[in-house]
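Read the figures in this text as sums done on the coordinates, not as results from a lab. No experiment lies behind these values; they were computed from the predicted model shown. Neighbour counts run over all protein chains shown; Cβ positions are idealised from the backbone, glycine included.
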Amino acid sequence: MKRVIVLMVCLAPAMAFADETYTNADLAKFQVPGAYNNQDLKRLPPLPVQRRPAATLPAYEPAPVPTASLQAWYDSLKSERDALAAEMTYEKSQVDFSESAFAGDTRSYDVRLGYRSQATPLIRELQKRVTLLDQQIDIALDAARKAGAVIDRR
């Protein structure tokens, strides 16, 4: 109960003056030096308006689209991504082979059981690089779209 009373005492002045609005007639009470009222603003001379622009700019001509450079950027990213994806596919096939029934021959140089634990860091790194290249390819395609260039995605 005590908290409610304290809250009401603190909020009473705010509630009393909350609906009060000020008009130009209130300026006479306050005597604020340098304050303008509406009559002062009406007495000011009109501002000069410029009829035509001071300088005319040349017509806008869009810059030529560097399609060849954007296509080369996209092609280099795509070839690097394809190479890393092929390497990742090869490593995954080696892991699959190591877990098959054919991986037990001790006379061959093929991978053997347990290769998954050895190849896991490499496969994770390849997945990370492929994902980063996918993001860079998206950036390249977005830059080409913003420039108005058409990229051949084949």
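Could you run the Karplus curve 6.51 cos²θ - 1.76 cosθ + 1.60 with θ = phi - 60° over the range 98-111 and give me ³J(HN,Hα) per residue in whole Hz, x for Gly and Pro?
5, 9, 8, 6, 8, 8, x, 6, 7, 8, 9, 9, 5, 5
Which whole-number percent is the relative contact order of the range 65-154 (Cα, under 8 Å, 6+ apart)?
47 percent
Quick check: pseudo-label points 7 Å beyond the Cα along Cα→Cβ at Arg153 and Thr21, how many nm apart are they?
5.8 nm
Which of the lysines could a cross-linker span from Lys92 if the Cα-Cα distance has to be under 16 Å and same-chain partners fewer than 8 positions apart are dropped?
Lys128
Pop out the ³J(HN,Hα) list for the range 69-77 in order, Karplus 6.51 cos²θ - 1.76 cosθ + 1.60 with θ = phi - 60°, rounded to Hz; leave Gly and Pro as x.
Here the 3J(HN,Hα) series is 5, 5, 5, 5, 4, 4, 5, 5, 5 Hz.
If you stretched the chain out fully between Met1 and Arg112, how much longer would it get, using 0.36 nm times the residue separation minus the C-alpha to C-alpha distance?
That pair, Met1 and Arg112, stretches by 32.0 nm at full extension.
Per the Cauchy relation, a quarter of the hull surface: what is the mean projected area of the convex hull of the alpha carbons in the range 86-147, in nm²?
Result: a mean projected hull area of 4.8 nm².
Report the Cα centroid-to-centroid distance between the range 59-94 and the range 96-154 in angstrom, as an integer.
Here the answer is 16 Å between Cα centres.
Helix 2-17 against the longest principal axis of the chain: what's the angle in degrees, Cα atoms only, rounded to the nearest 10?
60 degrees
List the lysines whose Cα lies under 22 Å from the Cα of Lys29, skipping any in the same chain that are fewer than 8 positions away.
Hits, sequence-local ones excluded: Lys42.
What nm distance separates the two modelled labels at Asp105 and Leu41, each placed 7 Å from Cα along Cα→Cβ?
For Asp105 paired with Leu41, the spin-label model returns 9.5 nm.
So, in nm, how far is label Lys146 from label Ala63 when the simple model puts each one 7 Å beyond its Cα toward the Cβ?
Inter-label distance under the simple model: 1.2 nm.
Computed over the Cα atoms, what is the radius of gyration of the chain divided by 2.2 N^0.38 Å, N being its residue count?
Normalised by 2.2 N^0.38 Å, the Cα Rg of the chain equals 2.52.
I'd like to compare 90-98, 47-55: which one has the highest average count of other Cβ atoms within 10 Å, and what's the full order after that?
With the highest mean Cβ count within 10 Å placed first, the list reads 90-98, 47-55.
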